[in-house]
Amino acid sequence: MLQLVEPEALRGPLLAWFDRCRGDLPWRRAEDPYEILVAEIMLQQTRSEVVATRYQGFLDRFPGVDALVEAPVEAVEAAWSGLGYYRRARNLHRAARILAGRGTLPASAAEWAELPGIGAYTSALLASRCCGESSPVLDGNVERVLSRFLASTEPPRRAAARRKLLGTAARLLDASRPGDSNQALMEVGSLVCRRGKPDCGACPLAPGCRAFRSPELDPRDFPAPGPRRDREVRHCFTAVVRRGDELLLHRRPGDADWLAGRWHLPTVELASGEESIRAAEALGREFGGCWECDEPAVLVRHAVTYRDFLVRAAVARWRPVCTTVESNGDRVPSGRSSLAWFGHGEIDGLPTSSLLRKTLDSVGVNRADPPIHSGP
Ligand code: SF4
């Protein structure tokens, strides 16, 4: 019969391995709760290699809660440039204001979870690192490690499987260093128990790992795959309007379901196959003013998680006040305040997205090109 070492007996070896082998990342060493908070928000949806290039610069610019609170949110978003998902920057700014108002740090996962942008995973991790709370966490890496450790045949996102994995994660936590225990499990997933190539010989959990210790099992068969999410296709039209060396950009609403809060080219969603003339009408309805779009538009493909954006983009002209009188007697409204002109030197400091660069490249408009007069 298979003899497996209990998780509790692996706490020490797991921490010893972490002390020896942890990656040299600045947030691993951080002890200041503010610095930990910044790192964990950045790491929510951005790879650690990218965070590593931005983290220290952000802390230099905003070394503490007070500096963040005093800064306008636009400055925080600009410092977030390159990390994507700018909603996190706005939430971090709001969280800093709440913390400054309270005057004390949250004392538990439940209190951390009251701050904007902090869900179950981040609150548990922050509580373990900043408050010494034995709150286990499950990220994608830990799900894989523990699915293999238990040889779990259920997809890890199912509620029953999650409960089991969290229970095992809790048994692996050392109450004297819960934050390090959580980080150690994540690090095992990133360095040792890799997706296609687990290095079981180097793993501190090997003595208790069912998938490794059972001769009939292959760790690579775990975790069990979950149901595939259907991809969603979105059809859009984007207008590239220039005035001298300036570009017309639109600040997308903070609650938009893509590119929320970011500056982007004026874009409308259209049904598949609608012509540019319909796009001009839709742009007028959405942003006001009169729009004329060149033909043909070029197709830009952009994938974000489970969504495929098929964006037709064209050089366009825009007049903010249209003289056309609609049938109801109203003038078409002039451009909305969320539209603004930016010189190319200014755009680099704005929260934008890779889709902006991709679209400009596809249309053949380089921000350093000679001026095209397509706006008023
Ligand atoms: S022993 Fe192998 S499969 Fe099990 S947790 Fe470690 S690396 Fe993963």
- Item | Modelled label reach - ARG28, point 7 Å along Cα→Cβ, region 206-222 residues with backbone N closer than 12 Å | none
- Query: In the neighborhood of TRP80, defined by Cβ-to-Cβ distances under 12 Å, what is the net charge if each Lys or Arg adds +1 and each Asp or Glu adds -1?
  - Reply: +4
- Message: Order these by the 10 Å Cβ neighbour count, fewest first: MET1, MET42.
- Response: MET1, MET42
- Inter-site label distance for ARG234 and TRP341 at 7 Å from Cα along Cβ, in nm: 2.9
- Note on the structure: Under the 7 Å Cα-to-Cβ spin-label approximation, LEU299 and GLU49 lie apart by a distance in nanometres of 3.0
- Message: Over the chain, with a Gaussian network built from C-alpha contacts below 10 Å, which listed residue (ALA279, ALA224, ALA160) shows the highest mean-square fluctuation?
- Response: ALA160
- Query: Could you give the distance between the Cα centres of region 170-212 and region 226-294, to the whole Å?
  - Reply: 45
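Using +1 on the beta carbon of Lys and Arg, -1 on that of Asp and Glu, and nothing else charged, what's the dipole of the chain about the Cα centre, debye to 20? Write out the running numbers ahead of the final one.
Numbers: 51 positive and 48 negative charges, 156 e Å.
Charge dipole of the chain: 740 debye, to the nearest 20.
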- R0 = 41 Å: FRET efficiency of ARG157 with VAL321, Cβ-based, nearest 0.05? 0.20
- Message: Can you compute the helix-only [θ] at 222 nm over the chain? Use -39500 (n - 2.57) per DSSP H run of at least 4 residues, normalise by all residues, nearest 500 deg cm²/dmol.
- Response: -12000 deg cm²/dmol
- In nm, spacing of pseudo-spin labels at ASP245 and SER354 (7 Å Cα→C-beta vector): 2.8
- Query: Which order do LEU2, LEU356, LEU185 fall in if you start with the one that has the fewest other Cβ atoms within 10 Å?
  - Reply: LEU2, LEU356, LEU185
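The numbers here are math on the coordinates, done by the rules we state, and not lab data. None of the values given here were measured: they were computed from a predicted structure. No Cβ is skipped: glycine too gets one built from the backbone with ideal geometry, and neighbour counts run over all protein chains shown.
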